[in-house]
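For reference, the structure is listed below as structure tokens.
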Amino acid sequence: MNGLLTDLYELTMAAGYFEAGKSAEIATFEFGIRRLPPNRNYVLAAGLPQAVDYLLNLGFAGEEIDYLRGLPQFARAPGKFFEYLRGFRFTGDLFAVPEGTPLFAGEPLLTVRAPIIEAQVPETYLLSAVSFQTLVASKAARVVAAAGGRPVIEFGSRRAHTPEAGVLGARAAYLGGCTSTSNILAGFRFSIPVAGTAGHSWVMSFTCEDAAFRKLQSALGEHAVQLLDTYDIAGAARRVAALGAPLAGVRIDSGDFLSNARQVRAILDEAGLGAARIMVSGDLDEYRIRELLAAGAPIDSFGVGTQIAVSADAPSLSGVYKLVELEIGGIKRYTAKYSDDKSTIPGAKQIFRDVARDVVARSGECGRGEALLRPVILGGRLIEPLPSLEEARTRARESVARLAPALRQLETTDPWPAIYSRELRALAEQTRLNLLGTAPVA
């Protein structure tokens, strides 16, 4: 992994830590959620394999170090710092909640414990990689819930912010409950089922729709899904129906989905094609899907692109990566940030989840329920293979199903009870007294 895939200040701080003789200090950083995105009752943790891959392979090539030497910000950095970078690798620990775990405001997704430079440099990458997939998985879960058991196919690669974001977005969408993706590379890389139809250009490339439909059916057989809205939807449905079986289904990509689906269903049924499925796509989100199904639209599946691929209504996560404690010569010093709306809680933490609430406790405390933060990397080594994408997807489905019904609805509701343990509250109070000389405001 390219060590330069970070913000400048991560490396200027690294040089400063080195110059100040702090490189042996053991730092604990937490990646937490300051607040939930709009219209969300929870988020689904995702992106852990990419974070692990980054930490296990992080380093600096010779030409990258030469580039840093040439930047004016490093003009006063000691030569030994650049030598240090030549042998740089992550030797610390990573604790994380499993992928597919619902999380709430104030709860950490990841904890990194390592020599301070090794813990500081990954901040930018970890925030980016985990936040993006968490947002997409969370959006996908909402869309899937609105579909009420009908398949949702992820169609968003062409709307993603980069081609690689399209691939990782497809992965996160599948984790969140989508049944398949149109992205072939995601299918190859992550063993996700792939699905697709044909584009309007297919129909337009023939002199008449009959020829386009006939040739697609000949080429794909029982996998053929005919696109109906290039010209006239009802007319296209009749032409497809006249061809008969085999036919997997049809897709409608524009217009009034409710009336068009009803008309197309009637045409297909009259032709004895009752098993042919109707898919709709085009600017769909969870609210539109819920509205269509509530109206009784005879729609069998949904293709959703933009809204999932960029988490359109909530495209950013209020994730923060903050120093919570330092260990210097075996002595711990607890750290916190105090500012309006951006304060942090000191000390490494654990989340205990039972059926009624989450308790955010100090690391090492005992608590009731499931301990969510688990060791992933210890001493720079992966301790065991990560759960597969299928296992993470199953965890997401089962974990979301266990949430209170109010949390699974599309509208926001009262937050899930997430409280601080007595020991953590005491640590926060003592740390504030030590740093500011004042107790926390009640």
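Residues in the range 109-161 that are within 17 Å of Leu48 (Cα to Cα) and either in a helix (DSSP H, G or I) or of a type in the set (Lys, Arg) (or both): 18 in all.
On the given criteria, is Arg69 outside the structural domain of Thr344 (by TED's automatic domain parsing), in contact with a helix residue (DSSP H, G or I) (Cβ under 9 Å, 6 or more places away or on another chain) and among the basic types (Lys, Arg)? Considered against the rule, which asks whether it is outside the structural domain of Thr344 (by TED's automatic domain parsing), in contact with a helix residue (DSSP H, G or I) (Cβ under 9 Å, 6 or more places away or on another chain) and among the basic types (Lys, Arg), Arg69 comes out as no. Candidates Ala401, Ala392, Ala396: the one that is among the aliphatic types (A, V, I, L, M), surrounded by fewer than 16 Cβ atoms within 10 Å (Cβ to Cβ), in the same structural domain as Ile33 (by TED's automatic domain parsing) and part of a helix (DSSP H, G or I) is Ala401. Residues of the range 291-321 that are crowded, with 20+ Cβ neighbours inside 10 Å, assigned to a helix (DSSP H, G or I) and of a type in the set (Gly, Ala, Ser): Ala309 alone. Only residues that are surrounded by 19 or more Cβ atoms within 10 Å (Cβ to Cβ) and of a type in the set (S, T, N, Q) were counted across the range 9-32, and they come to 1. All of (1) in a helix (DSSP H, G or I); (2) in contact with a strand residue (DSSP E or B) (Cβ under 8 Å, 6 or more places away or on another chain) hold for Gly166 with one exception: (2). The residue list Ala129, Ala137 contains one member that is touching a Leu at 6+ places or on another chain (Cβ under 6 Å) and of a type in the set (A, V, I, L, M), which is Ala137.
Residues of the range 127-182 being among the acidic types (Asp, Glu) and buried (at least 21 other Cβ atoms within 10 Å of the Cβ), which ones? Selection gives Glu154 alone. Kindly indicate whether Arg35 is among the charged types (D, E, K, R), in a loop (DSSP other than H, G, I, E, B), modelled with pLDDT under 95 and in the same structural domain as Ser343 (by TED's automatic domain parsing). For Arg35, the condition - among the charged types (D, E, K, R), in a loop (DSSP other than H, G, I, E, B), modelled with pLDDT under 95 and in the same structural domain as Ser343 (by TED's automatic domain parsing) - is met.
The values are calculated or read from the model by the stated rules, or taken from the named source; none is laboratory data. As the structure is a prediction and not an experimental result, all values here were calculated from the model. For neighbour counting, all protein chains shown are included, and Cβ atoms are generated from backbone atoms with ideal geometry for every residue, glycine included.
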